[in-house]
Amino acid sequence: MQLTDQEKRVISAIQGDIPVCERPYRVLAKRLGMTEEVFLSVLTGLDDKGMFRRFGATLRHQKSGFTANAMVAWQVAEARSEEVGGLMASFNEVSHCYRRDPAEEWPYNLYTMVHATSRETCLETARRISEKTGVTVYRVLFSKRELKKTSMSYFSQAEVPGAV
Amino acid sequence: MSIDDRDKQIINHIQSDFPICQRPYAAIGEALSMDEQEIIARITKLKESGLIRRIGGNFGPEKVGFSSTLCGACVPTNQIDAFAEVVNSYKGVTHNYTREDEINVWFTFIESSVEKIEANLAEITERTGVTRIYNLPATHIFKIRAEFTVK
């Protein structure tokens, strides 16, 4: 989908943090040299086109009680990957589920992110997924240390023509 | 920090469909029977405490014309910090974690094209000496949920 320069400028403003004040969009619009009205209409347009995966607050998991997080890599017969992916996605403890091509010495093709309050419940969830799907070859990769976590900056304001 | 029921109500309400209107905090207040000032005060406090990391738009990279992937690298333990410093210096690396596995460093990469990602990974290998880096772009997304109900 081709984005207009104006849309890119609005994206550059709301990919960061929306201020907490009575008229936050007016503050953001001002930074772009745009009126609040135009800003809101462009933003509504982006929303209507389904550009947002999600528009709202992002929490820090560790602070919300989900202290054990693991990525589980599964080796699933390719013919079953569609069906199994759907089953895995139906687990409430699974926040993300993807299919990826396997690589050399890395035969896994389905990936789930599992969030739980303890390591044991994480492992227990993996066991339940395994039982329900019949997939027995998997590895649980607990996350240990966060090295970086940020939101993508797609269009920096300097890169977009017309931005102030 | 301890949060009360009203905080929880707010948190569970604003993770998706944050209002797009002149006074979004007043709109949230209306939905939850609280006034605008209370909403602003509580959200300010939740952000200061770190429970809310940010409020804003989250895009699927492909929707806005970008390519994304997940990379897993096998890095000698004593080189993890140096490796992370190089990897994290790329703007398109948004998440990076060490994990308990032989493939111990996992990061996401978003770039303007698949070729750009490949070129960056080759450059990372050159700069760090780490040769075993898997590039595992998703071919199918079954689920993405970044919302958590706070009970």
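The values are calculated or read from the model by the stated rules, or taken from the named source; none is laboratory data. Note that the structure is a prediction, hence the values are computed from the model and not measured. Cβ atoms come from the backbone with ideal geometry, glycine included; neighbour counts cover every protein chain shown. Please note that ligands, DNA and RNA were not included when accessible areas were found on the heavy atoms of the full protein model with its side chains. Shrake-Rupley method; radii C 1.70, N 1.55, O 1.52, S 1.80 Å.
Structure notes:
- Extension gain (nm, one decimal) between B:Ser89 and B:Ala122, 0.36 nm per residue minus Cα-Cα: 10.4 nm
- Charge dipole of the protein assembly as shown about the Cα centre (unit charges at C-beta), most positive-ward option of A:Val140, A:Ala29, B:Ser49: B:Ser49
- Counting charges near A:Val42 (Lys, Arg +1; Asp, Glu -1) among other residues having Cβ under 13 Å from its Cβ returns a value of -3.
- Amide H contacts under 5 Å for B:Gln15, placed H, 5+ residues apart: A:Ala57
- A:Glu82 accessible area, assembled protein chains, probe 1.4 Å, Å²: 110 Å²
- Residue mean of other protein chain beta carbons inside 10 Å, B:124-136: 2
- Net charge of Cβ neighbours under 14 Å - reference B:Val86; Lys, Arg +1; Asp, Glu -1: -1
- Derived scalar couplings ³J(HN,Hα) [the range A:10-27; Karplus, 6.51 cos²θ - 1.76 cosθ + 1.60; whole Hz; x for Gly, Pro]: 5, 4, 4, 7, 9, 7, x, 10, 6, x, 9, 7, 4, 10, x, 6, 5, 4
- Annotation: amide H-H contacts under 5 Å for A:Ala103 (H modelled 1.01 Å from N, sequence separation of 5 or more, or interchain): A:Tyr108.
- Between 0 and 90°, nearest 10: helix A:36-48 axis offset from chain A longest Cα axis: 30 degrees
- Within the full protein context, the accessible area of A:Thr44 is estimated at about 60 Å² for a probe radius of 1.4 Å.
- Inter-probe distance in nm under a simple model that places probes 7 Å from Cα toward Cβ, at A:Asp48 and A:Thr121: 4.3 nm
- Two-site label geometry, A:Ser130 and B:Glu62: point separation in nm, points 7 Å out along Cα→Cβ: 3.0 nm
- Counting only residues at least eight positions apart within a chain, or on another chain, the lysines with an alpha carbon under 26 Å from that of A:Lys49 are A:Lys8, A:Lys30, B:Lys63, B:Lys143.
- Applying the Karplus relation 6.51 cos²θ - 1.76 cosθ + 1.60 with θ = phi - 60° to the range B:42-56 yields 3J(HN,Hα) values of 5, 5, 4, 5, 5, 6, 4, 6, x, 5, 8, 7, 6, 10, x Hz, where x marks Gly and Pro.
- Taking Lys and Arg as +1 and Asp and Glu as -1, the other residues whose beta-carbon sits under 14 Å from that of B:Trp106 total +4.
- Estimated FRET transfer efficiency (B:Asp35, B:Val114; beta-carbon r; R0 30 Å; 0.05): 0.05
- Per-residue ellipticity at 222 nm, computed for the protein assembly as shown from helices alone with -39500 (n - 2.57) per DSSP H run of at least four residues, works out to -11000 deg cm²/dmol.
- Partner shielding of A:22-31 amounts to 3, given as the average count of beta-carbon atoms from other chains within 10 Å of each residue beta-carbon.
- Proximal lysines to B:Lys8, defined as alpha-carbon separation beneath 22 angstrom and excluding residues fewer than eight positions away on the same chain: A:Lys63, B:Lys45, B:Lys47, B:Lys151
- Listed values for the range B:15-32 are Karplus-derived 3J(HN,Hα) couplings in whole Hz (6.51 cos²θ - 1.76 cosθ + 1.60, θ = phi - 60°), namely 6, 9, 6, 4, x, 10, 6, 4, 10, x, 6, 5, 5, 5, x, 4, 5, 10, and x replaces Gly and Pro.
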